[in-house]
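Chemist: Below is a structure I'd like to ask you about.
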Amino acid sequence: MMTEPPQTVEELGHRWSLFQPWLQEDPVSQFDKLRESAPIIRSEELGGFWILTRYEDIEWAAKSPEIFSNGKVSIPHIQLYRDKQIPVQLDGEEHRLWRQTLTTVFNPSVVNQITPQIRQAAVELIEPIAKRGSTEAIAEFAVPLPAETFLINFGIGRENLQQLLDHKDWLRNNVMRNTDEDRYAASKPLWNFFSEAVDRRRAEGFEERFDVVSLLLKSKFEGRDLAQDEIVNVVFMTMLASLDTTNAILGLILLYLAEHPEVQELITTSPQRLPLIIEELIRYQAMGSSARVLTQDVERHGVTMRAGDQVLMSWGMSGRDPEAFDHADQVDFDRSAVRHLSFGIGPHRCLGMHLARRILTVALEEWHRLIPKYHVTPGSTRRHHYLPVRGMDRLDLTVG
């Protein structure tokens, strides 16, 4: 990849990639230029792929799984273990059956059961920050809270937190520099760790427990018990899907709030408005991207995309489309409805969206209860990344 930023919109489209160094700090304004130039753009990076720039086209593709397959969900396509991720990489009837099985596991009632533990974890992270008066909020709050919630949700001991975080960091830092075999080898210890956790739960008894591992052990797929590797596959996939996304949006929301003391006060004085505040900030902060692969030739807006081509699905950027949202580049907590696509739409809509929303709600409730006023530390340096999940690497905050 060339390190110098492009000079024209045409070159910007041709060189677009989630990994371009000149896009890491501010991809949103650059994507606005793509959207204004055309609804469908061809990038020649990473073997070539199409970019859908507008909300209506991303929604159309997501609701057309017979044309847009989930077989390759990233650009470049990366496998972390040999089997397809369940249910993310599945299509058609196989996907429908797995979603039917897993919907009973990843539902609001399960989230309700673990909410007190999420709240406790949040308080334990925030109290030292409030007492000290300052924090690097990404490493000390935005990253560990979703990871601890994953462990709570799956009934895995919180003492294993660092192992999860180390693997997440390895993936981010090495995903573009290793072969599939390297990634399989690096993921094997964590795969074995999850498999051992399933074995322990089976031996301890799971009928009276309601963590996700126990629920998976009680689940059926077409009338049969789930195989060991299927359970581990789901656990591993959920880890991959949940850790980066929730910590990324939590960090971006904290940045916005730290720069807007009037919204901090709004959360403190009108906590009933917090769900709408969260949804609007998820839309505004333009977080996630993934990919689809075409199963057949298709024409849209006069552009013919061929079977086998990959397509970038910029879920987060769709929330900034002015044709879908009035004054899309501004935050407006009085919108009548926030129809963002950040959790996807159609048959592959995110299974973990209920848990993600609960983590954000609890995090911000407890943060503003214990730290009602805060701001970005003067003179500190923020670090952002784009990647498949847009977020922050560093955010220094001062209490008061």
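The values are calculated or read from the model by the stated rules, or taken from the named source; none is laboratory data. Only a predicted model underlies this, so the values are computations on that prediction, with no experimental measurement involved. A quick note on method: Cβ atoms are made from the backbone with ideal geometry, for glycine too, and the neighbour counts reach across all protein chains shown. Heads up: the accessible areas ignore ligands, DNA and RNA and are worked out on the full protein's heavy atoms, side chains in. Shrake-Rupley method; radii C 1.70, N 1.55, O 1.52, S 1.80 Å.
Chemist: Sorting Y284, Y55 by accessible area (1.4 Å probe), largest first, what list results?
Modeler: Heavy-atom accessible area, descending, gives Y284, Y55.
Chemist: Whole number in Å², please: accessible area per residue of the chain, 1.4 Å probe, ligands, DNA and RNA not counted.
Modeler: That works out to 42 Å² for each residue.
Chemist: If we sort 309-322, 269-282 on the protection proxy, mean other Cβ atoms within 10 Å, highest first, what's the order?
Modeler: By packing density, highest mean first, the sequence is 309-322, 269-282.
Chemist: Please compute the net charge surrounding R35, taking Lys and Arg as +1 and Asp and Glu as -1 over other residues with Cβ under 11 Å from its Cβ.
Modeler: -2
Chemist: Could you sort 60-68, 188-196, 352-360 so that the peptide with the highest average Cβ count within 10 Å comes first and the rest follow in order?
Modeler: 352-360, 60-68, 188-196
Chemist: Taking only the alpha carbons of the stretch 284-400, what extent do you get along each of the three principal axes, in Å, biggest first?
Modeler: 57, 33, 29
Chemist: In a shell of Cβ-Cβ distance under 13 Å around G157, excluding G157 itself, what net charge do Lys and Arg (+1) and Asp and Glu (-1) give?
Modeler: -2
Chemist: Please state the equivalent ellipsoid semi-axes for the stretch 128-287: what are the square roots of 5 times the Cα gyration tensor eigenvalues, largest first, in whole Å?
Modeler: Square roots of five times the eigenvalues give 33, 21, 15 Å.
Chemist: I need the helices of the chain that pass two filters: whole DSSP H segments spanning 18 Å or more by Cα along the axis, and mean Kyte-Doolittle score no lower than 1.6.
Modeler: TM-like helix candidates: nothing returned.
Chemist: Still on this model: How much of the accessible area of the chain, in percent, comes from carbon and sulfur atoms when a 1.4 Å probe is used?
Modeler: 50
Chemist: Of the residues L165, L243, L252, which exhibits the maximal mean-square fluctuation in a Gaussian network model of the chain defined by a 10 Å Cα contact cut-off?
Modeler: L165
Chemist: Can you give me the three principal axis dimensions of the chain from its C-alpha atoms, in Å, biggest first?
Modeler: 58, 55, 41
Chemist: For the stretch 1-104, just the Cα set please: Rg and Dmax, both in angstrom.
Modeler: 16.4, 50
Chemist: Once you have a ≥ b ≥ c as the square roots of the Cα gyration tensor eigenvalues for the stretch 53-100, tell me rounded if a/c is under 1.5, and otherwise prolate or oblate according to whether a/b is larger than b/c.
Modeler: Taking the square roots of the gyration eigenvalues as a ≥ b ≥ c, the stretch 53-100 is oblate.
Chemist: Output needed: percent of Cα pairs per 5 Å distance bin for the stretch 220-365, bins running from 0 to the one holding the longest distance.
Modeler: The percentages, shortest bin first, are 2, 8, 14, 17, 17, 13, 11, 8, 5, 3, 1.
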